[in-house]
1. Of S13, S304, S538, how do they rank once you tally other Cβ atoms within 10 Å and put the fewest first?
2. Just to confirm a number: summing +1 for Lys and Arg and -1 for Asp and Glu over residues other than R515 whose beta-carbon lies under 14 angstrom from that of R515, what do you get?
3. Fully extended, how many nm does the chain gain between A331 and M151 (0.36 nm per residue separation, minus their Cα-Cα distance)?
4. Take a quick pass over the chain and tell me how many lysine pairs come in under 22 angstrom between Cα atoms, counting only ones 8 or more apart or on separate chains.
5. Under 5 Å between amide hydrogens, which residues at least 5 positions from A379 or on another chain qualify, with H placed 1.01 Å from N in the peptide plane?
6. Suppose every Lys and Arg Cβ carries +1 and every Asp and Glu Cβ carries -1, with no other charges. What dipole size does the chain come out with about its Cα centre, to the nearest 20 debye?
7. Can you give me the distance in nm between label points at N510 and R406, each placed 7 Å from the Cα along the Cα-to-Cβ direction?
8. Can you bin region 303-381 into rounded, prolate or oblate? Criterion: square roots of the alpha carbon gyration tensor eigenvalues sorted a ≥ b ≥ c, rounded for a/c under 1.5, prolate for a/b above b/c, oblate for the rest.
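Values in this text are rule-based calculations from the coordinates and carry no lab data. From a predicted model like this one, the values you see are computed outputs, not experimental measurements. Methodologically, a virtual Cβ is constructed for each residue, glycine included, from the backbone with ideal geometry; neighbour enumeration extends over all protein chains shown.
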Amino acid sequence: MPHRLDSLLRPRSIAVLGATERIGTVGRNAIENLLKGGFEGRLYAVNPGRTSVCGVPCFPSLAALPEPVEHVIFAIGDARVEAALEDVIGHGARAATLMSSLVLADDREPPLRDRVLAKIRASGLVVCGANGMGFYNFAEGIWGCGFKTRMHVRGGNVAYISHSGSGMCGIVDSEERIDFNLVVSTGQELVVSMDEYLDFALEQPTTRVVGLFMETARNPAGLVRAFQKAQKRGIPIVALKVGRTELAARLTVSHSGAIAGEDGVYQALFDRYGVHRVGDMDDLATALILFAQPHPVGAGGLVSIHDSGGERQLLIDLADDARVPLTQLSAATTTKLASLLDPGLPAINPLDAWSTGGPDYHVGMQQCFATLMCDPEAAFGAVVHDRAPGGGIHGDYLEYLRAGHRASGKPAFLVSNRQGTGADSQVIAATREGFPVLDGVTPFLRGAKHLLDHRDFLARYREAPVPLPHNALAGWRARLADGGNLDESDAMNLLRDFGLPANPGRIVANDAEARGAAREFGYPVVLKTAMRGIDHKSDRGGVHLRIGDEAALITCYRDLATRIDPRVLVAPMITAEGVEMLLGMVHDDQFGPVVLLGFGGLHVEALADVVHALPPFDAAEARRLIDRLALAPLLKSRRHRRALAVDEFCRTAAQFSALAAGLGALLDEMDLNPVIVHADGCVIVDALVVTKARKA
């Protein structure tokens, strides 16, 4: 089925504007790349001063070409771009690649970039760039880039899309273990953004994994659709997202708004669609290598074989840091290993199989590794050894991988404890064979964690969102749209209407009403000022806690009524021992409602221990999110006399996420803080709701 980007990424004819034979120029590199890649369409050079460039026929102008071309590559300076663009549009080309920055030293208003963009949009031209490095469609031999690269093979299975030109070249030009089918340097994304390139990559039958070097999302809705397509097709996406800055310019009211940064929103987006986030380019390349291998991951965890007790111990420590589970071997596997090992070597995973060596040493290692790989709880296996002298690898190690895979059908990897110097052609050959060779235990383990996470993400059962009562939903949508302020009592009523465990309360306006409310709830109670417009009551001295009798009640009520306002909220004082948590929501300009879960209380902003999620989600997902919190061990602390009802908090979080999804279009912020989690359940003690109308 035709794709909008066909004329851009798989054109049948190309003209290089500004082609030249001057070595080191974009004009020469563009021609050489198309020849080197074996472009099978019609290729023309355009330069009034030549009749051929590198053997390619050259014409003085686009108008002089024997036919209209589908795609034009600009290899000219910015001063000539605007006039040349008019020629390209008039010529009838459907696509173009712009690699220059579109910046002129003595420009006029509007600047060149804006003028170029207006012409492109009016014409419907599909453009890669500007200020990028072009693209490579290696699968079809179309190297539309104006810069040198290494030799590449056809038939790759990794797509890579990068906002950064150097971020593209830093992997594509130097990492021979990865065979790419499509690579794009998106640049300024004048008319084609990352999501469209991603959609094109997902449509290619050879794509097994996609890497992204992301700076931002210029089309958030399109990016979500592309992520959904990848999830549906089971194609993993590995993303390096740069720019972990807070949204400092955001005017916030709630604690949730103050600690919800842009980076957390992107993490929530990645979590929702199973996108694997990496921290640097080494981890990006490693993850792409691991996902590109063709063998399916099994159940369970990692098995590994070593020829060193110390390096085996090192892997155990590093696997714990990376949260990569190590397989607990079955009794049958242990028994078989014991029969293969020299005396004194324990039959455990990770396995140190080196003892006395001998002529049959490598045969024994193969048998041991195959035995490990066949364990029912082995997801994949690693042969973890050191590089050979000069930085090469020992060919015998590759035989271990082949033996392990033949016996089990599972992925097998050769991992060096560190790379050392030099290279070995066997590394490339083995990786292409489906047995990746990796450098460094820690990068391998981080990549292995992504393999396991992707397996688990695809297999995850997801409960249907909690249904919201229709009448309550309609009523609150109407009220929120009116734009009136919601005080704490209103906010707590909203939560109760949707089944959330909000602490009851009553607004009072005099001594008698305060006495009646306290008798209804029973002592101890808490008093909070209910003066409208005060969002953070404790900052104004507007809260009295642990009021135990009527005399103290009247004293505290009169204090608030005199200092602040007679309107006061009376509520039961929660005395159960527990942990203070937070549930929050902010409305992100790009991706809509985003839920925050974390540790709350008075010092919530100082702790800033929160995770983000796109709503709605189920209780199981809430539990996975909570387990990522730095202070998560507090919820399991033995200092609690009885275990805390964390599962109930997770169900509450799921219900809150459904509410955020249902009403989020009308809300700017929500803050449920604290939510006290105790042994018998959880209770929302305080709530702040900021409507979009109020924020405006």
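1. Least to most surrounded, the residues fall as S538, S13, S304.
2. Net of charged neighbours comes to -2.
3. 59.9 nm
4. Taking the Cα cut-off of 22 Å, the pair count is 9.
5. G301, L302, V303
6. On the way: 70 positive and 81 negative charges, 193 e Å.
So the magnitude is around 920 debye.
7. Simple spin-label model gives 9.4 nm for this pair.
8. Oblate.
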